[in-house]
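Since every read-out is calculated from the coordinates, none of them should be taken as a lab result. Here the structure is a predicted model, which is why all the values come from computation and not from measurement. Because the Cβ atoms are built from the backbone with ideal geometry, glycine has one as well, and the counts that use them run over all protein chains shown.
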Amino acid sequence: MEGLKGKVVFITGASAGIGRACAALFAREGSDLILAARRRERLVSLREELEGEYGANVLTVELDVRDREACAKAVDGLGEEWRAIDILVNNAGLSRGMEKLHEGDMDDWEEMIDTNIKGLLTMTRLVVPLMAQRRRGHIINIGSIAGHEVYPGGNVYCATKHAVHALSKGLRIDLVDTPLRVTEISPGMVETEFSVVRFHGNTDKAAHVYKGLTPLTGEDIARCVVWAASQPPHVQINEIVVMPVSQATATIAHRRN
Ligand code: NDP
Ligand code: 8X3
């Protein structure tokens, strides 16, 4: 396995859920971390936690990935040692609502498209040239089973994750003549703040999503991310599709009464 000690890892959406769990596992491996999200206070307390627990070297960046100029400023403003990004985890993302398409909220659509597709594209466009220059780097996109399936009410969210799937494949093709690697991690149900955000803060509705089964945790996904990142340089993990044992598809899950 390839050691991750001293590798510079840039994680978007590091203030919660899967991104936060990735930060903790990479810190445990001795990686240097650039942690980005909008909620600065969350990032600062995570940094303190990781510094205390692992002696990690952590840089926090308050960033909305929908803001193209802010993303450029954040990347351009990195000091020499931080610009040497080895791993980019494009994790920032969200779902809003489960209305039928013809009844959907256009602001919700815009937020999902701007974050899940355009935010991922912006960060990729800014960071990959730095990696290409150094002829080393790994881009890890957090997709979803929603990038493979479409379920009732999933319409626009599923479209954004289908886009992440296509963009991961497209980037892999475009980088085939370089040592850079592209991995997509596509989870099923993971209990994070995801459903609370999807249902606009309705925690009862959110809890219902995971009722009667044991969902994945952010740490389960972070283990996949770290495993993919730890492969020898000639090995490229294209995709990992991962679900709880009692989930078979986006719509078929076995629930205890
Ligand atoms: P959480 O809601 O727990 O975390 C989402 C993270 O994304 C937060 O840190 C949030 O930080 C950040 N984020 C959201 N919008 C922006 C933005 N505009 N700019 C910067 N950061 C942003 O959800 P998850 O951890 O579950 O989600 C992480 C990824 O995993 C998403 O891409 C999601 O689609 C994907 N996924 C989740 C699954 C699940 O079941 N939970 C399954 C499959 C995929 P902040 O609000 O501070 O900006
Ligand atoms: C999150 C998983 O099934 O809610 O991407 O779309 S699902």
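List the helices (runs of 4 or more DSSP H) inside the range 193-237, counting only whole elements, that have at least 1 residues being within 22 Å of Gln247 (Cα to Cα), within 12 Å of ligand 1 (Cβ to nearest atom) and within 17 Å of the chain's Cα centre (by Cα). Walk me through how you get there before you give the answer.
On the way: elements: 194-198, 203-209, 218-229.
Correct list: 194-198, 218-229.
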- Note on the structure: Looking across the range 203-242 at residues that are away from ligand 2 (no atom under 15 Å from the Cβ) and polar (S, T, N, Q), the single one that is nearest to Pro179 (Cα to Cα) is Gln236
- Item | Hey, Thr178 more than 16 Å from ligand 2 (Cβ to nearest atom) and either buried (at least 17 other Cβ atoms within 10 Å of the Cβ) or touching a residue at least 60 places away in the same chain (Cβ under 8 Å) (or both) or not | no
- In the range 2-43, residue surrounded by the fewest Cβ atoms within 10 Å (Cβ to Cβ) [restricted to those that are touching a residue at least 60 places away in the same chain (Cβ under 8 Å) and on the phi > 0 side of the Ramachandran plot]: Gly17
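Can you confirm whether Ile140 is under 23 Å from Ala70 (Cβ atoms) and aliphatic (A, V, I, L, M)? Lay out the reasoning, then the answer.
Working: under 23 Å from Ala70 (Cβ atoms): yes; aliphatic (A, V, I, L, M): yes.
Here the answer is yes, as Ile140 does meet what is asked.
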- Task: Would you check if Gly13 is more than 8 Å from ligand 1 (Cβ to nearest atom) and not charged (D, E, K, R)?
- Result: no
- Out of Asn155, Asn141, which single residue is polar (S, T, N, Q) and closer than 22 Å to Val9 by Cβ? Asn141
- Which condition number does Val245 fail, the rest of (1) in a helix (DSSP H, G or I); (2) more than 14 Å from ligand 2 (Cβ to nearest atom); (3) more than 27 Å from Thr124 (Cα to Cα); (4) hydrophobic (A, V, I, L, M, F, W, C) being met? (1)
